[in-house]
Amino acid sequence: MTGDTFVPTDGPLAGIRVVNLSVNLPGPAAARHLISLGAVVFKVEPPGGDPMELYHAGWYRDLALGQQLLRLDLKMPADRAKLDELLDTADLLITASRPAALTRLGLDWPTLHRTFPRLCKVAIVGYPAPRENEAGHDLTYQSKLGLLTPPAMPRTLLADMAGAERTVSAALTLLLARERGQGSGLREVALSESAEAMAEPLRYGTTVPGATLGGGIPEYNLYQARQGWVAVAALEPHFKLRLEEALAIRTLADYQTVFRGRSADEWEQWGQERDIPIVAVRTF
């Protein structure tokens with residue numbers, strides 16, 4: 001089957017062919033980004049399809065937009081031959097299976113590099129070596145990094161989305177190196193490390209409760225409005241000065257009192273008119 005056409009006619013990756021063997025979120029999200037840069041992407045799904053289509057069909061369709069979709073059973077010789085035909089003319093392969101499973105299919109890096117010497121590969125894994133065959137998910141990565149407040153579940157799939165962007169960066173690095181005569185190569189993207197990078201502000205204490213960006217200063221904080229809540233981010237001195245002079249406020253108590261005087265939407269409009277970063281907090 002073939003996805004809807006959404007492939008740019010030009011772009012920095014025009015002429016680059018990508019084969020994406022990954023399902024679920026990080027790999028397809030990375031492929032979508034590569035398509036926006038001009039690449040042609042062939043997505044190879046297992047016979048049962050991508051599990052994401054079952055639990056979020058609309059998002060699955062959006063991620064697949066512009067990708068040429070094929071369903072192949074890579075354990076069957078005829079289907080494996082079709083994949084090899086794609087790889088023979090491809091510039092990049094994206095995988096998201098455990099390395100042990102890829103080795104059983106003959107899709108490990110030594111075998112691929114020997115058979116397709118121009119092919120670059122980005123391997124999305126859960127954890128870096130020596131834990132590359134260990135199972136994990138966005139929820140477990142965030143839990144280990146202190147990014148959750150139980151019983152609330154994460155508001156976004158941080159590790160997966162960050163991992164997708166790291167996959168794009170790795171792909172561009174590999175392709176550039178190859179074009180500079182350094183040959184094709186392999187890069188691994190560990191989703192646990194992607195989450196760890198996103199947790200860096202917390203690790204340095206910047207966003208812990210009471211810290212500078214954790215509610216410790218009035219000019220960068222959340223306030224209850226007459227209706228709803230507002231986020232005030234007047235962090236830079238000129239924003240803070242403009243805000244406090246306009247409202248005659250200085251202390252946290254001043255801020256709390258003043259922002260109860262209007263609705264959140266009214267404060268957002270007020271901030272836009274004065275070039276001060278204030279927005280109404282949206283909920284879903």
**Message:** From the list Ala195, Ala177, exactly one residue is out of contact with any Pro (no Cβ under 9 Å at 6 or more places or on another chain), surrounded by fewer than 19 Cβ atoms within 10 Å (Cβ to Cβ), among the small types (Gly, Ala, Ser) and modelled with pLDDT of 95 or more. Which is it?
**Reply:** Ala177
**Request:** Go through the stretch 84-108 residue by residue and tally those that are in contact with a strand residue (DSSP E or B) (Cβ under 6 Å, 6 or more places away or on another chain) and either charged (D, E, K, R) or under 19 Å from Leu172 (Cβ atoms) (or both).
**Result:** 7
**Request:** Could you please give the count of residues in the stretch 139-189 that are of a type in the set (Lys, Arg), in a helix (DSSP H, G or I) and over 30 Å from Thr283 (Cα atoms)?
**Result:** 2
**Fill in**
Listed by first then second residue, the pairs whose first member lies in the stretch 181-202 and is touching a residue at least 40 places away in the same chain (Cβ under 8 Å), whose partner is crowded, with 20+ Cβ neighbours inside 10 Å and among the acidic types (Asp, Glu), with beta carbons under 7 Å and at least 6 positions apart or on separate chains, are Leu191/Asp160
**Asked** Looking only at residues in the stretch 244-257 that are part of a helix (DSSP H, G or I) and in contact with a helix residue (DSSP H, G or I) (Cβ under 7 Å, 6 or more places away or on another chain), which one is surrounded by the fewest Cβ atoms within 10 Å (Cβ to Cβ)?
**Response** Ala246
**Message:** Just the residues that are assigned to a loop (DSSP other than H, G, I, E, B) and under 22 Å from Gln182 (Cα atoms), please, taken from the stretch 108-138.
**Reply:** Asp108, Phe116, Pro117, Arg118, Leu119
**Asked** Which one of the conditions (1) surrounded by fewer than 13 Cβ atoms within 10 Å (Cβ to Cβ); (2) over 30 Å from Arg166 (Cβ atoms) does Ile217 fail to meet, given that it meets all the rest?
**Response** (1)
**Request:** Would you confirm whether any residue within the stretch 112-124 is touching a Pro at 6+ places or on another chain (Cβ under 9 Å), surrounded by 15 or more Cβ atoms within 10 Å (Cβ to Cβ), closer than 18 Å to Glu193 by Cα and not hydroxyl-bearing (Ser, Thr, Tyr)?
**Result:** yes
**Item:** Top-ranked residue in the stretch 258-283 [being of a type in the set (A, V, I, L, M, F, W, C) and more than 21 Å from Pro237 (Cα to Cα); ranked as surrounded by the most Cβ atoms within 10 Å (Cβ to Cβ)]
**Value:** Ala264
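For (1) under 21 Å from Leu102 (Cα atoms); (2) within 19 Å of the chain's Cα centre (by Cα); (3) not polar (S, T, N, Q), each residue gets a yes or a no:
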residue	(1), (2), (3)
Tyr127	yes, yes, yes
Glu134	yes, no, yes
Ala162	no, yes, yes
Glu179	no, no, yes
Arg187	yes, yes, yes
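The values are calculated or read from the model by the stated rules, or taken from the named source; none is laboratory data. Model, not experiment: these values are computed from the prediction. Because the Cβ atoms are built from the backbone with ideal geometry, glycine has one as well, and the counts that use them run over all protein chains shown.
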